[in-house]
Amino acid sequence: MDKIIILDFGSQVTQLIGRRVRELNVYCEIHPFNKVPAFDETVRGVILSGSPASVRQENAPVVDLSGIKGKYPLLGICYGAQYLAHHFGGKVEASGSREYGRAMFNVTDTACPLFQGVSTSSQVWMSHGDTITALPEGAEVIGSTSDVVNAAYHIKGEDTYAVQFHPEVFHSKEGPKMLENFVKGVCGCKGDWTADSFISTAIEEIRAKVGEDKVILGLSGGVDSTVAAVLLNKAIGQNLTCIFVDNGLLRKNEFEDVLESYKDMGLNVIGARSGKLFLDALAGISDPEGKRKAIGKTFIDVFNAEAMKIENAKWLAQGTIYPDVIESCSVNGPSAKIKSHHNVGGLPEKMHLKIVEPLRSLFKDEVRRVGRALGIKEELVSRHPFPGPSLGIRILGEITEDKLEILRNADDIFIKSLRSWPCELPAAAEPIRTATNLYDAIWQAGVMLLPVRSVGVMGDERTYEYTVALRAVTSTDGMTADWFPLPYDFMAKVSNDIINKVKGVNRVCYDISSKPPATIEWE
Ligand code: XMP
C-alpha cells in the first residue's frame with residue numbers, strides 16, 4: 001500500500017489535505033511537524049501543510065528535512081512553500097498587500113507534471129501575510145498570479161514543488177487535480193486504497209489481533225459504532241457481543257428500530273432496556289453538567305453490568321475514528337481542543353480488557369463509505385451525529401416523562417420532514433456526494449424543548465403550552481457550525497404539523513445562531 005506523509009504546521013485546513021489525498025484512494029497520515037515518524041518502505045511522498053505562523057517569526061515551526069528533501073517527492077503548501085524558500089536560499093518577506101482570498105493562477109510552465117490536465121488559468125485560494133520574494137536555490141517559477149510572481153515553483157533536479165495557495169480548499173477550483181498530479185503523477189501512488197481493500201485488510205488485521213478471543217462493543221445507533229460492529233462481525237462472527245443501552249432518552253421508536261436493524265445484519269446484540277434507571281437518576285436535576293454526569297454514570301453502571309455477564313471477554317472494541325486520533329498540532333501554545341468523552345469509564349482496567357479500534361485510520365466520510373461497502377442500510381450510514389446524553393440535553397431544565405413524550409413527537413415530525421423534503425445541495429456528511437433531501441444536506445438537526453410556556457389560541461380555546469426550537473446546522477466536525485437556511489415553506493409546514501399534532505406545544509421557533517458563540521446543543 002502506498003502512503004503519503006503530511007507534516008502539519010498547524011493550519012486549520014491540514015485535515016482537508018488528508019481528505020483530498022484519501023479521495024484519490026491513496027492512504028495518507030497526518031503528523032505534527034515536530035514528530036516526524038520513521039519512514040517505512042510504503043512512503044511515496046511528503047506534503048508540508050500551511051500554518052498560522054510566519055517563517056520569519058521567532059520560534060517559527062521547523063522540521064528536519066535532511067532525510068526528505070531531494071530524497072522523496074515533496075510538495076510545500078502555503079507556509080510549506082515559504083518554509084522551503086526561507087530555509088533553502090530564498091527569501092520571504094511581509095507581503096505589501098495581504099494575499100488573501102480568490103486569485104487567478106496562471107501556469108507558466110505547462111510541461112510541469114503538477115499542471116497536466118489543469119487549465120492554464122484557474123481560480124485559487126490564497127491566505128498568507130508573507131510572500132516569497134526570492135526563490136530557493138535551483139528553483140524556477142512554474143506559475144504566477146497577477147500579484148504574486150512566485151505563486152508556484154519547482155526545484156530543478158528534485159521532485160520538490162511548492163505552491164503559495166491552498167490547493168486543498170474548495171475555492172481552488174483545480175486544486176484537486178494538482179494534488180492528484182502530485183500524488184499519482186510525481187509520487188507514483190496507484191490509488192488502490194478503496195473501501196473494499198480497507199475492509200479486507202482490516203478483517204485480516206482483526207483476526208490476527210484478537211484470534212479466538214471474545215470481544216465486547218458498545219453500540220449507540222451511530223455510524224461509527226455500527227460500522228465497527230459489522231466489520232468485527234465479518235472478521236470474528238459470534239465472538240463479538242454488542243451491547244445497546246436504552247437510556248430512556250432516545251428518539252421516538254429508536255431503540256426498537258435500531259435493534260431490529262442490527263439483528264437483520266446478523267449482529268449478536270444485547271439490548272439493555274434501562275430507561276427507568278436513567279430517569280430515576282435524573283430526577284430533580286436541572287443543571288446541564290449535573291444531567292450529563294448522572295447519565296454518564298448510569299450508562300457505565302448498566303454497560304458494565306451487561307459486559308460482566310460475557311464470560312472470557314478479552315477485548316473492548318471502540319468506534320474511534322481518525323479525527324479523534326490525529327494529534328492536534330498547535331504552533332501557538334497548547335490547543336484547546338475538547339476531547340470527546342469515553343463512555344465506558346474504567347471498564348477496560350476492571351475487566352482487564354485490551355482495546356481494538358478498527359476504524360482508527362478513517363475519516364468520518366470514509367467510515368460511511370466502508371459502511372456502504374459492508375452493505376449497511378443507507379439510513380444508518382448517513383445518520384446525523386447524536387449526543388451520548390441524547391434528548392436529556394435537549395430538554396432544558398428538569399427531565400420528566402411528559403416532556404420526553406412531547407420532545408420525541410416534535411423531533412419525529414421534524415426529522416421525518418427533513419428526510420422527505422427534496423433538496424440538491426452537497427451532502428453535509430460526505431461533500432463529494434449530492435444530497436437528495438434536506439436531511440442529507442444538513443450535518444445535524446434536532447428539536448429543543450424550552451422550559452417556558454406561553455399563551456396561544458386553538459379553536460375557541462386559550463392554550464398555555466410549551467415552545468420548541470428547531471436546530472439544523474452545517475459543520476464538518478462539530479467544533480464550529482452555521483445554522484442551515486431551511487426553506488420558508490418547509491418551516492411553515494413543520495411548524496404547522498408540530499403545533500397541530502403534538503399536544504403540549506403551541507409555538508415553534510427556529511434557532512439562527514452559529515457556533516461560536518452558541519453551541520449546537522442548547523445545554
Ligand atoms: P455542542 O453542543 O458542544 O456539540 O456544540 C458539538 C457536538 O457534540 C455533541 N455533544 C455531545 N456528544 N456527549 C456526546 O457524546 C455530550 O455530552 C455532548 N454534548 C454535545 C453534539 O450533539 C454535537 O454533535
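Numbers at a glance
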{"item": "Segment 91-102, subset farther than 15 Å from A60 by Cβ and not aromatic (F, W, Y), residue modelled with the lowest pLDDT", "result": "R98"}
{"item": "Residue within segment 49-71 that is open to solvent by less than 40 Å² (accessible area, probe 1.4 Å), hydrophobic (A, V, I, L, M, F, W, C) and in a strand (DSSP E or B) present", "result": "no"}
{"item": "Residue under evaluation V21, criteria (1) within 22 Å of the chain's Cα centre (by Cα); (2) assigned to a loop (DSSP other than H, G, I, E, B), criterion not met", "result": "(2)"}
{"item": "Restricting segment 55-108 to residues that are of a type in the set (F, W, Y) and in contact with a Phe, Trp or Tyr (Cβ under 7 Å, 6 or more places away or on another chain), the residue that is nearest to A152 (Cα to Cα)", "result": "F105"}
{"item": "Hits in segment 484-523 (condition: touching a strand residue (DSSP E or B) at 6+ places or on another chain (Cβ under 9 Å), under 18 Å from S417 (Cα atoms) and open to solvent by less than 40 Å² (accessible area, probe 1.4 Å))", "result": "F484, L486, V494, S495, I498, V502, V505, V508, D511"}
{"item": "Only listed residue being modelled with pLDDT of 95 or more, within 20 Å of the chain's Cα centre (by Cα), within 16 Å of the ligand (Cβ to nearest atom) and surrounded by 17 or more Cβ atoms within 10 Å (Cβ to Cβ), chosen from A469, A445, A481, A429", "result": "A445"}
{"item": "Scan of segment 366-382 for residues that are of a type in the set (D, E, K, R) and crowded, with 20+ Cβ neighbours inside 10 Å, ordered by number", "result": "E366, R368, R369"}
{"item": "Residues satisfying the stated conditions in segment 394-404, i.e. outside any loop (DSSP other than H, G, I, E, B) and surrounded by fewer than 20 Cβ atoms within 10 Å (Cβ to Cβ)", "result": "E401, D402, K403"}
{"item": "Restricting segment 6-22 to residues that are surrounded by 20 or more Cβ atoms within 10 Å (Cβ to Cβ) and aliphatic (A, V, I, L, M), the residue that is nearest to R369 (Cα to Cα)", "result": "V21"}
{"item": "Answer residue from segment 388-408, given it is closer than 21 Å to E260 by Cα and out of contact with any Leu (no Cβ under 6 Å at 6 or more places or on another chain) and is nearest to the ligand (Cβ to nearest atom) among those", "result": "G388"}
{"item": "Residue count, segment 89-112 (criterion: within 28 Å of F33 (Cα to Cα) and surrounded by fewer than 17 Cβ atoms within 10 Å (Cβ to Cβ))", "result": "8"}
{"item": "Helices (runs of 4 or more DSSP H) within segment 210-302 that include 1 or more residues open to solvent by 10 Å² or more (accessible area, probe 1.4 Å), touching a strand residue (DSSP E or B) at 6+ places or on another chain (Cβ under 9 Å) and of a type in the set (V, I, T)", "result": "223-236"}
{"item": "Positions within segment 164-179 being under 17 Å from I142 (Cα atoms) and in a helix (DSSP H, G or I), in sequence order", "result": "G175, K177, M178, L179"}
{"item": "Hits in segment 180-203 - residues which are assigned to a helix (DSSP H, G or I) and under 15 Å from I5 (Cα atoms)", "result": "E180, F182, V183, K184, V186"}
{"item": "Residue count for segment 269-285, restricted to those that are within 16 Å of the ligand (Cβ to nearest atom) and in contact (Cβ under 8 Å) with a residue 24 or more places away in the chain", "result": "3"}
{"item": "Those residues of segment 72-110 which are at positive phi and in a strand (DSSP E or B), in sequence order", "result": "G101"}
{"item": "Cβ-Cβ under 7 Å pairs, at least 6 apart or on other chains, segment 185-197 side more than 13 Å from V367 (Cα to Cα), far side open to solvent by 40 Å² or more (accessible area, probe 1.4 Å) and charged (D, E, K, R)", "result": "V186/D159; C187/R44; G188/R44; C189/R44; G191/K184"}
{"item": "Condition met for V344 (outside any loop (DSSP other than H, G, I, E, B) and either at pLDDT 90 or above or within 16 Å of the ligand (Cβ to nearest atom) (or both))", "result": "no"}
{"item": "Criterion violated by S390 - all others in (1) within 29 Å of P487 (Cα to Cα); (2) open to solvent by 40 Å² or more (accessible area, probe 1.4 Å); (3) out of contact with any helix residue (DSSP H, G or I) (no Cβ under 7 Å at 6 or more places or on another chain) satisfied", "result": "(2)"}
{"item": "Subset of segment 484-523 [of a type outside the set (D, E) and within 16 Å of the ligand (Cβ to nearest atom)]", "result": "F484, I512, S513, S514, K515, P516, P517, A518, T519, I520, W522"}
{"item": "Single residue of segment 349-365 satisfying the filter (open to solvent by 20 Å² or more (accessible area, probe 1.4 Å) and in a helix (DSSP H, G or I)) that is farthest from N304 (Cα to Cα)", "result": "K364"}
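Per-residue answers, yes or no, for (1) surrounded by fewer than 18 Cβ atoms within 10 Å (Cβ to Cβ); (2) modelled with pLDDT of 95 or more; (3) among the polar types (S, T, N, Q):
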position	(1), (2), (3)
T120	yes, yes, yes
T133	yes, yes, yes
S144	no, yes, yes
D147	yes, no, no
N150	no, yes, yes
Y153	no, yes, no
K156	yes, yes, no
D159	no, yes, no
C187	no, yes, no
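The values are calculated or read from the model by the stated rules, or taken from the named source; none is laboratory data. All figures in this text were calculated on a predicted structure; none of them were measured in a lab. Every residue, glycine as well, gets a Cβ built from its backbone with ideal geometry; the counts of neighbours run over all protein chains shown. When the accessible area is computed, the model is the full protein with side chains, heavy atoms only, and any ligands, DNA or RNA have been set aside. Shrake-Rupley method; radii C 1.70, N 1.55, O 1.52, S 1.80 Å.
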